[in-house]
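Below: one structure, written as structure tokens.
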Amino acid sequence: MDHTCAPVLEALAAYGAQGQTPFTPPGHKQARGTDQRVLAVLGEAVFTGDVLAISGLDDRTRSHGVLARAEALMADAVGADHTFFSTCGSSLSVKAAMLAVAGPHEELLIGRDAHKSVVAGLILSGVRPIWVEPRWDGGLHLAHPPSARAFADAFGRHPDAKGALVTSPTPYGTCAGLEAIAEVCHRHDRPLIVDEAWGAHLPFHPDLPAWAMDAGADVCVTSAHKMGSGLEQSSVFHLRGERVDARRLSACADLLGTTSPSVLVHAALDGWRRQMVLDGRKLYDRALALAEDVRCRIEELPGLHVHGRADFCDPGHAADLDPLQLVVDLSALGTTGYRAADRLRERHRVNLHVCDHRRISAQLTHADDEGTADTLLGALRDLVRNAAGLRPARPVEVPDPPRLRLEQVVLPRDAFFGDTEQVPWDEAPGRIAAETLTPYPPGIPVALPGERLDGEVLRYLRTGVEASMVVPDAADTTVRSVRVIAAPGPGGGRGQRPS
């Protein structure tokens, strides 16, 4: 296929050149109705490019096949059979993939380190999760993707499970052994879904970890805005083989998605695919060399350690590591990643990726260069010099890995939609959660609807919030109270709060 073309971008340019007059949405009519104060910030091009997809970019019957051609080019670029664009992020795409594979009360094997969007998919679908344990690093208090053996054991216990879902890479850049996991799934003639939201770049350079389609996955979901050049909310999901029906997958995406997709998001996706096919190898040659240089220079700073394959990829942990995720342990400085990240933003206008009780991370992409690298390094040098001012940091009581694992006693959907009440956090141990409690970023739930809460997990969340952890999806974001399934009898009820 001719990857020098970009059908959405070309159609958008043609629309502008033709001088068409829309009597359709969007109501700003190509910026003519947009407030000048808005244009001063966003620019006119955002609005002139914001056109209707049907009866705008394409005609009423989609006879020009603009989006279809762009999706076919993306599929060809990465070796998929079918590719679908989404303007609702991978949060939608992963839900569509789940619904295409399993229905209400059917079982799906899922790594317990899944993103909160997967939990939302369980709530919406009524799928019964069979949780597969991650590979825990008890020393670093970090979860890596589950092993193929863990999925094989889960299939042994649940032979009727409709498929499996694994997250790889994680937000920390650690990767699953996807080829072995795919082999386990296919031995049972079941599909493997890979939530590869952090891996949009992986198909475009041989020195990056293997990407899902090459490893044998049936469906792969990726966020083009995370590590690629897509706009926020841009996602693509790829399909290969016949274990998942393409028409059903498309129907599930249509069920969840918007009927007003953003042409701007589609156009950026289209242009990013062209950029990667034509220039990706060269861009990532440079990005990987820069990342290695920055790693070495951070490692020279006292009190900082950049995690590498030697830390994360021994036989009991991750299978591989994305070298563009610079995960820095700063526990030797005597402070938390939360406080460090706040200082770097306030003092240096440097915004970091993931921060937790002992780490910060910086995400490099093909867009970074020596200038951005020097900015990061300068900010980290200042952090080291002024670490005393960040002490004492409030301690976060992180349980040992086995204590972080809660018992699933009710389906997530049933717990979320059932009668609930809000109880003080120290009265919640033993009660069944009716909400998702997710430290963010990275967005991996500590507790989810239907799990029995435990005192150690609740203390972790409370001490975490006191140390500046953010739990944005909780009804009470301070986690001083927690939403649980209502107790029977007087006093329990939907949405009640303590007096």
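What follows draws every value from the coordinates through simple rules; no lab data is involved. Keep in mind that what you see is a predicted model, and the values were worked out from it rather than measured. Using ideal geometry, Cβ is built from the backbone for each residue, glycine included, and neighbour counts are taken over all protein chains shown.
Tell me which lysines have Cα within less than 25 Å of LYS29's Cα, excluding those fewer than 8 residues away on the same chain?
none
Can you list the lysines whose alpha carbon sits under 16 Å from that of LYS95, skipping same-chain ones fewer than 8 residues off?
Straight-distance partners of LYS95: LYS116, LYS162.
Please report HIS201, HIS158 as a ranked list, fewest other C-beta atoms within 10 angstrom at the top and most at the bottom. Intermediate results must be reported in sequence, preceding the final value.
Working: HIS201 24, HIS158 14.
The fewest-first ordering by Cβ neighbours comes to HIS158, HIS201.
Where the convex hull is taken over the Cα atoms of the chain, what is its projected area averaged over directions, in nm²?
For the chain, averaging the hull's shadow over all directions gives 25.4 nm².
Long-range amide H contacts for GLY241: which residues qualify at under 5 Å (H placed 1.01 Å from N, peptide plane, sequence gap of 5 or more or a different chain)?
Under 5 Å from the amide H of GLY241 lie the amide H atoms of ASP81, each far enough along the sequence or on another chain.
Using amide H atoms built 1.01 Å from N in the peptide plane, name the residues 5+ places from VAL132, or on other chains, whose amide H lies under 5 Å from its own.
Sorted by chain and number, the residues that satisfy this are ILE110, GLY111, ARG112.
Could you put LYS226, LYS29, LYS282, LYS162 in order, starting from the residue whose Cβ has the fewest other Cβ atoms within 10 Å? Intermediate results must be reported in sequence, preceding the final value.
Working: LYS226 22, LYS29 15, LYS282 11, LYS162 18.
In order of increasing Cβ crowding within 10 Å: LYS282, LYS29, LYS162, LYS226.
For ILE54, ILE123, which order do you get if you count the other beta carbons within 10 Å of each Cβ and list the fewest first? Numbers along the way, then the final one.
Values: ILE54 16, ILE123 20.
Fewest to most other Cβ atoms nearby, the residues stand as ILE54, ILE123.
Would you mind counting up the charge near GLN275? Only other residues with Cβ under 14 Å from its Cβ, with Lys and Arg at +1 and Asp and Glu at -1.
Details: positive: ARG273, ARG274, ARG281, LYS282, ARG286; negative: ASP270, ASP279.
That works out to +3.
Sum -39500 (n - 2.57) across every DSSP H segment of at least 4 residues in the chain, then divide by the residue count to get the 222 nm mean residue ellipticity, nearest 500.
Helices in the chain give a 222 nm mean residue ellipticity of -11000 deg cm²/dmol.
How much of the DSSP bridge set in the chain is antiparallel, in percent, rounded to the nearest 5?
The answer is about 65 percent antiparallel.
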